[in-house]
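One structure is given here, and the rest of the page talks about it.
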Amino acid sequence: MDLNDFESFAKLDPQNMLGEIDNLPRQLQSAWELGQQCPLPDGKGVTRVLISGMGGSAIGADLLAAYISPACKIPVIVHRDYSLPAWAHGRQTLVIASSHSGNTEETLDAF
């Protein structure tokens, strides 16, 4: 393959993953701006965070958990399964359901 032949990329990359990678900074900026518009509760009384997701949706949660672990005083756990763990009930647990498609069976069940 000739890496200078961009037309051949289209044949090998029918889902335009290269374009998605190139667009990532804009996607992150857009996500940040959308997130700033969402009012959030103060979080008083939350003693743990559980993020429910599968596949790529869980990878984002893994990145977040790894990034904040040195500074976060409460545990952030990524959950890749149906339902919720027994400890994840009540107002002390912030549960975040993450599904790119919106149809992830395990995430919907946990929600």
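Details
- Residue 100 in contact (Cβ under 8 Å) with a residue 40 or more places away in the chain and either in a helix (DSSP H, G or I) or open to solvent by 100 Å² or more (accessible area, probe 1.4 Å) (or both): yes
- Cβ-Cβ contacts under 9 Å between residues 6 or more apart (or on different chains), taken from a first residue in the range 30-53 that is under 17 Å from residue 97 (Cα atoms) to a second residue that is of a type in the set (Lys, Arg) and loosely packed, with under 10 Cβ neighbours inside 10 Å, are listed as 46/91.
- Counted residues, the range 67-83 - those being out of contact with any strand residue (DSSP E or B) (no Cβ under 9 Å at 6 or more places or on another chain) and farther than 20 Å from residue 101 by Cβ: 4
- Condition check for residue 5: more than 21 Å from residue 98 (Cβ to Cβ) and at pLDDT 90 or above: no
- Yes/no for residue 67 being hydroxyl-bearing (Ser, Thr, Tyr) and part of a loop (DSSP other than H, G, I, E, B): no
- The range 75-91, subset at pLDDT 95 or above and more than 21 Å from residue 105 (Cβ to Cβ), residue farthest from the chain's Cα centre (by Cα): 75
- Among the residues of the range 1-26, those identified as assigned to a loop (DSSP other than H, G, I, E, B) and open to solvent by 100 Å² or more (accessible area, probe 1.4 Å) are 1, 3, 4, 14, 15.
- All of (1) on the phi > 0 side of the Ramachandran plot; (2) open to solvent by 80 Å² or more (accessible area, probe 1.4 Å) hold for residue 59 with one exception: (1).
- Every residue from the range 31-55 that is assigned to a helix (DSSP H, G or I) and open to solvent by 100 Å² or more (accessible area, probe 1.4 Å): 32, 34, 36
- Pick from the range 75-89, criterion open to solvent by less than 50 Å² (accessible area, probe 1.4 Å) and part of a loop (DSSP other than H, G, I, E, B), ranking: farthest from residue 31 (Cα to Cα): 85
The values are calculated or read from the model by the stated rules, or taken from the named source; none is laboratory data. Since we're looking at a predicted model, the values are computed, not measured. Please note: Cβ atoms are built from the backbone with ideal geometry, for glycine as well, and neighbour counts cover all protein chains shown. Accessible surface is based on the protein model in full, side chains and every heavy atom, while ligands, DNA and RNA are left aside. Shrake-Rupley method; radii C 1.70, N 1.55, O 1.52, S 1.80 Å.
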